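Asks: Structure incoming, see below.
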Amino acid sequence: ECLGYLEDIRCNEFEDCLGFTLEFEFKVNPFFKNKVLTKKYDVPNLLIDDEPILKNVIGCDIEWKDDNCLTHRSITKKQRNKKGQIRHVNKREKLESFFHFFCPPKLPSMDEMDEEQADAIEEAFDHDYDVAQSFRKYIVPKGVLWFTGEAMTSELE
């Protein structure tokens, strides 16, 4: 429902061609206050056909309106202590949402990371960059075709 308020998606290449910023422009909506959500990619070897090297990825903070957050929900659970007393505990539960895209994976310090964690983080960054490249190379340049539905037809053929 929220993506129905999406007005435009733009990809702005850096002047030095070493990265790009994706901008998602929204109409006023009941979900968040931001007019534009952005995600910036610094890629020093963007013009080379090699494996991309991400120098930095910066998302944006989404200013959710009251009780309309689409990435997490608050749940209240009852907990009983050893004396049998009941207390209520509030927890945040992560929801499946496109809007997690604007919060890039975090890179922990190398001292705290084992090989398994490093592989998981590399996979998360690779997936994130693949999504960004899909917007940059396929969706933004063919925006009108996606809007009219012609892009789906040509993708299926």
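Asks: With every protein chain left in place, what is the accessible area of residue 33 in Å² (1.4 Å probe, nearest 10)?
Replies: We get 140 Å² for residue 33.
Asks: For residue 117 and residue 74, FRET efficiency with R0 = 22 Å and r from the beta-carbon atoms, rounded to 0.05?
Replies: 0.20
Asks: If you don't mind, there's one more thing I want to ask. Give the accessible area for residue 87 in Å² (nearest 10); use a 1.4 Å probe, count only protein heavy atoms, and leave out ligands, DNA and RNA.
Replies: 140
Asks: Now a separate question. Suppose R0 equals 41 Å; then what is the FRET efficiency for residue 82 and residue 134 from their Cβ-Cβ distance, rounded to the nearest 0.05?
Replies: 0.20
Asks: I'd like the orientation of helix 115-134 relative to the chain: the angle between its Cα long axis and the longest Cα principal axis, in ° from 0 to 90, rounded to 10.
Replies: Around 50 degrees separate the two axes.
Asks: With +1 on each Lys and Arg Cβ and -1 on each Asp and Glu Cβ, how big is the dipole of the chain about its Cα centre, in debye rounded to the nearest 20?
Replies: Value, rounded to 20: 1780 debye.
Asks: According to a simple spin-label model (label point 7 Å from Cα along Cα-to-Cβ), what is the distance in nm between residue 151 and residue 55?
Replies: 2.9
Asks: Could you compute how much accessible surface residue 48 exposes when probed at 1.4 Å, giving the result in Å² to the nearest 10?
Replies: Residue 48 has an accessible surface of roughly 100 Å² with all protein chains in place.
Asks: I've got another one for you. Just check segment 1-143 against the gyration tensor rule for me: Cα atoms, a ≥ b ≥ c as the square roots of the eigenvalues, rounded for a/c under 1.5, and otherwise prolate or oblate depending on whether a/b exceeds b/c.
Replies: It is oblate, given that a/c is not under 1.5 and a/b is not larger than b/c.
Asks: Now for a different question. Listed here are the pairs 40/65; 83/106; 35/142; 39/78; 27/55; which of them are more than 30 Å apart at the Cα?
Replies: Pairs exceeding the cut-off: 83/106; 39/78; 27/55.
Asks: In debye, nearest 20, what is the charge dipole magnitude of segment 1-69 about its Cα centre with +1 on Lys and Arg Cβ and -1 on Asp and Glu Cβ, if you could check?
Replies: Its charge dipole is roughly 260 debye.
Asks: Additional query: Which one, 32, 46, 18, projects farthest toward the positive side of the charge dipole computed for segment 1-74 from Cβ point charges (K/R +1, D/E -1)?
Replies: Of 32, 46, 18, it is 32.
Asks: Now a separate question. Looking at 125, 149, 105, which one has the Cα that reaches farthest to the positive end of the dipole of the chain (charges on Cβ: Lys, Arg +1; Asp, Glu -1)?
Replies: Result: 105.
Asks: Taking the alpha-carbon centroid of each part, what is the distance from segment 37-88 to segment 122-137 in angstrom?
Replies: 16
Asks: Just the accessible area per residue of the chain, please: how many Å² with a 1.4 Å probe?
Replies: For the chain, the solvent-accessible area averages 74 Å² per residue.
Asks: Going from most exposed to least, what order do 99, 147 have by accessible area with a 1.4 Å probe?
Replies: Of 99, 147, the descending order of accessible area is 147, 99.
Asks: Okay, moving on. Ignoring ligands, DNA and RNA, what percent of the accessible area of segment 1-119 is carbon or sulfur (1.4 Å)?
Replies: 47
The values are calculated or read from the model by the stated rules, or taken from the named source; none is laboratory data. Because the structure is a prediction, the values reported are computed rather than measured. With ideal geometry, Cβ positions are generated from the backbone for all residues, glycine too; neighbour counts draw on all protein chains shown. Protein only, heavy atoms only, side chains kept; ligands, DNA and RNA dropped before computing areas. Shrake-Rupley method; radii C 1.70, N 1.55, O 1.52, S 1.80 Å.
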